[in-house]
Amino acid sequence: MERASRIGLQDVLCLVGILVLAIVTRLPGLALRGQWDADQGNELLVLLHWVRDGQVPLLGPSTFAGTFHHGALYYYLLAPAAFLTDVDPHAIVLTIAILGLATVAAIWALGYAVGGRWTGHVAGVLAAASPALVLGSTFIWNPNPVPLGAALALLGAVLAWTRYSARWWLLAAVGCTLAMQLHVSGGLLVPPLLLAWVLDLSRRPTGERGTVLLAGLGGAAIVAAGYLPLLVHELQTGFTDIQGLVGYLRGGTGVGAGGDLVTRMLVVAFRSLAWPFTGVITEAPMASAAVTVVVIMLLGVALRGGGNRSRPALVLFTGTLLWSLPALALTAPTLLSAVPGLPNDHYHTYLDPLVLVVAATGIAAAAGYVGRFVDPRASGGRRESRLVGRGLGLAALVVLVAVSVWRWPPASAEDGGWPLADKAAVRLIAGQDIPALTLVSLPEVKSPDAIRFPLERRGAVPLSAVAGEDPPGGAILVCDPLFEDLMGARCGGEAELAYATHAGTGRVPLDRFTAGARRTITVLPGQ
């Protein structure tokens with residue numbers, strides 16, 4: 001007979017040890033680890049205008065489609081650090097790192113709720129070592145804390161079901177709101193969680209259903225409250241953001257953008273299952289394929305041997321995964337490709353806690369620490385079988401941790417991170433009349449906010465480029481070598497000369513320097 005284990009002192013000490021491992025993998029050298037590009041500059045400009053100008057954000061960062069936005073809750077999470085430090089990027093990324101540590105703890109708790117202490121400990125170790133979660137804890141980007149929201153949402157659902165307590169649906173609503181606000185793909189958690197709530201309601205006696213209904217209404221109120229800033233914006237603008245979302249869903253989802261639906265679902269499955277352990281699959285395809293096979297096998301072991309305690313959660317997890325495959329294949333066609341040098345795979349990060357806990361449950365079940373394989377009276381052949389199971393479980397854990405460590409992100413960002421961008425701004429301010437210059441990105445489809453933010457934070461506000469108009473004076477060109485093929489010209493000469501010829505500025509640079517591998521900065525005089 002399986003019994004739900006209570007969290008004791010030894011469990012707390014194990015969690016502390018896991019968090020120490022997470023700290024060691026995330027905090028050292030934090031200032032230099034995170035990349036600094038257009039997304040980071042744009043997000044912190046919003047915070048800067050809030051702190052200095054009182055412009056309260058009602059929308060979150062723009063989506064990839066560009067026609068609608070993520071939720072504003074992201075900015076509210078970062079607001080305390082922004083207001084206390086005048087939007088110091090070091091404080092903002094530290095906030096992201098703290099949310100990353102909370103993610104590890106939440107995944108540990110989810111594992112504990114699903115399969116007991118050993119499942120929790122294994123899940124915690126896998127989360128602490130995960131290269132995807134390490135990366136997501138070390139740079140500023142709105143999808144990075146999505147796994148925290150997903151873990152809390154799943155934890156609330158699992159506890160509501162296994163403890164027969166409706167109040168945990170409120171935690172599920174809080175987690176779901178967080179995931180949805182941070183990235184719109186987090187909304188894909190809603191259907192499986194809603195179905196689980198309906199099943200919980202249907203299994204209750206008539207006299208207990210009122211409590212579940214009340215919890216459901218409370219959860220709906222929590223989700224709705226998260227969208228109040230969006231409602232204010234929409235009432236002021238005639239529902240422009242919602243119209244952009246509807247237009248995307250009607251024709252901009254990219255259905256048919258490449259490959260049939262089955263192929264796209266297989267790619268989504270491949271990326272989703274391997275991502276927590278290997279990161280972007282194109283950077284380690286063989287390891288990603290091997291890890292995917294291991295995770296699928298562990299899912300089978302978990303379903304077969306996880307026991308009655310784990311079964312409801314595993315059914316929920318499996319259903320969520322199966323639902324997500326066609327949903328992501330239809331709504332996130334960019335998952336079919338990966339661009340080297342740019343962040344990737346963020347659409348399915350809400351599945352990270354699920355994948356890590358499934359792997360942990362399979363390892364614990366194979367080792368005989370959870371489910372039907374637990375038999376303290378085992379002897380003879382059964383004992384030998386249990387030893388084999390423990391060996392296989394330990395081997396799976398070692399392989400997954402070893403691959404994760406191998407795939408850890410580098411100790412410093414290739415583009416030099418925030419410090420190098422700020423240093424570039426200091427050089428520009430010292431040598432130029434910034435307010436008289438127009439800040440332009442090459443290619444022009446990319447935002448120049450990676451440099452605009454440090455300039456504005458230091459009090460120098462350049463002019464903004466206007467499509468179809470030549471700059472009234474000189475220009476600061478920020479050229480990204482990653483897009484040289486798109487431009488058909490090289491940064492550091494050709495691309496800048498082409499712009500100067502087209503825009504009518506002077507062609508002889510006043511200054512030119514590199515600020516990391518992703519930025520060549522050129523100052524052109526006016527005519």
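FYI, it's all coordinate maths here, none of it is from the lab. Computed from a prediction, not measured in an experiment: that's the story for all the values here. Because the Cβ atoms are built from the backbone with ideal geometry, glycine has one as well, and the counts that use them run over all protein chains shown.
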Given the peptides 73-84, 53-64, arrange them by the average over their residues of other C-beta atoms within 10 Å, most packed first.
73-84, 53-64
Go from 0 up to the bin containing the longest alpha carbon distance in segment 464-527, width 10 Å each, and give me the % of pairs per bin.
23, 54, 22
For peptides 354-364, 502-512, sequence by mean Cβ density within 10 Å, most packed first:
354-364, 502-512
Output ordering of 132-145, 325-338 (per-residue mean of other Cβ within 10 Å, highest first) is 132-145, 325-338
Whole-number D in µm²/s for the chain (Stokes-Einstein; Kirkwood sum over Cα pairs; 25 °C, 0.890 mPa s):
99 µm²/s
If a paramagnetic tag sat 7 Å from the Cα of Asp433 along the Cα-Cβ line, which residues of segment 441-471 would have the backbone N under 17 Å from that point?
460-464, 471
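Under a Cβ-only charge scheme (Lys and Arg +1, Asp and Glu -1), can you give me the dipole magnitude of the chain about the Cα centre, in debye to the nearest 20?
Working: 35 positive and 33 negative charges, 533 e Å.
In total the dipole reaches around 2560 debye.
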What's the local net charge at Ile92, with K and R +1, D and E -1, over the other residues with C-beta under 14 Å away?
-3
Provide the percentage of antiparallel DSSP beta bridges, counting only those with both residues in the chain; round to the nearest 5.
60 percent
Could you tell me the calculated FRET efficiency between Leu27 and Gln527, based on Cβ-Cβ distance and R0 = 60 angstrom, to the nearest 0.05?
0.75
How tilted is helix 307-331 with respect to the longest principal axis of the chain? Cα atoms for both, answer in degrees (0 to 90, nearest 10).
30 degrees
